[in-house]
């Protein structure tokens, strides 16, 4: 069921140069976003659906402020102050929102090799910049290698039991089993990663969170999930975004992505060897995240069905292709 949102209650918190025109913008699971046009200016209104924790948003904006002090070759969101002089607005129901200056451009596409290469290079540049910042606030999200602690409430038995929620999920029981087996195999590798150097990472750097112009990536969006982790995790997250069913020429695309990153801020041989493990961590994290959302009745079962298909496909593809191709 679609819930109607009174956007005027959010927009009334800000001073605009003129009447506002609200344009629908593709929103993800975690946020509702709208483009706001007023006079000759454009903004993005972002309403947080995933939480009502101001500390998460404060940290996100502190990271953005710190990055603005670095010489970035791309734009990042700049928040707008509301009438109270704050960059976070709290609605009467506790929902949080922020307004940002709009970054004009298009979403890059994995069907364009130049975009894939550029995204790899952009991730490398962002990783370099994030290594330099020192926010006062601590990370609000756990690193990916703490998978078992993060999803303690969705342990192996509970995860496998999710397949019994419906006929559609039951048809994917083999995928649930395969993913749980992968999860068990990751435990030892995660213990090793805990000893590696850490730095801030974006944590969700995918095609939909960037802006392109011609062949270039000109903007990086949505730092909500930024956290302290091993730096190679940044590349792993993007690689997983490529490895999906019905995405043609996967070998070539992954090759373009890796080359873009390695040409710009190369990973060490040790980091490259652990990349398949990090990619599987991302796949398992997403699968468990949406299993929790279904358990908590935040999604329809179709969402988890799609996620399970993608995660199982990704792990299988990595097992069958990665070692021969890139190790």
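What do you reckon, is residue 201 within 20 Å of the chain's Cα centre (by Cα), assigned by TED's automatic domain parsing to the domain that holds residue 267 and crowded, with 19+ Cβ neighbours inside 10 Å? Yes: the conditions hold for residue 201. When the stretch 204-216 is filtered for residues that are surrounded by 16 or more Cβ atoms within 10 Å (Cβ to Cβ) and not in a loop (DSSP other than H, G, I, E, B), the ones remaining, listed by number, are 207, 209, 210, 211, 212, 216. When residues in the stretch 276-300 are screened for being over 15 Å from residue 204 (Cβ atoms), assigned to a helix (DSSP H, G or I) and in contact with a helix residue (DSSP H, G or I) (Cβ under 6 Å, 6 or more places away or on another chain), 9 of them pass. Is there a residue being free of Cβ contacts under 8 Å to residues at least 24 places away in the same chain and loosely packed, with under 15 Cβ neighbours inside 10 Å anywhere in the stretch 52-64? No, there is no match, as no residue in the stretch 52-64 is free of Cβ contacts under 8 Å to residues at least 24 places away in the same chain and loosely packed, with under 15 Cβ neighbours inside 10 Å. Determine, yes or no, whether residue 191 is farther than 30 Å from residue 297 by Cα and in contact (Cβ under 8 Å) with a residue 60 or more places away in the chain. Criteria not met by residue 191.
A single entry from 193, 221, 169, 186 fulfils the requirement of being buried (at least 16 other Cβ atoms within 10 Å of the Cβ), in contact with a strand residue (DSSP E or B) (Cβ under 9 Å, 6 or more places away or on another chain) and over 28 Å from residue 109 (Cβ atoms): 193.
Among the residues making up the stretch 143-171, those that are within 20 Å of the chain's Cα centre (by Cα) and part of a helix (DSSP H, G or I) are 144, 145, 146, 147, 148, 149, 150. From the list 118, 124, exactly one residue is surrounded by fewer than 22 Cβ atoms within 10 Å (Cβ to Cβ) and in a helix (DSSP H, G or I). Which is it? Being surrounded by fewer than 22 Cβ atoms within 10 Å (Cβ to Cβ) and in a helix (DSSP H, G or I) holds for just one of 118, 124, which is 124. Within the stretch 229-250, the residues that satisfy the criterion of being farther than 14 Å from residue 130 by Cβ and in a helix (DSSP H, G or I) are 236, 238, 239, 240, 241, 242, 250.
Going through 31, 12 one at a time, which residue ends up being over 23 Å from residue 223 (Cβ atoms) and surrounded by 13 or more Cβ atoms within 10 Å (Cβ to Cβ)?
12
The number of residues in the stretch 212-241 that are touching a residue at least 60 places away in the same chain (Cβ under 8 Å) and over 13 Å from the mean Cα position of the chain (by Cα) comes to 11.
The values are calculated or read from the model by the stated rules, or taken from the named source; none is laboratory data. On a predicted model such as this, the values are computed, not experimentally measured, just so you know. Neighbour counts run over all protein chains shown; Cβ positions are idealised from the backbone, glycine included.
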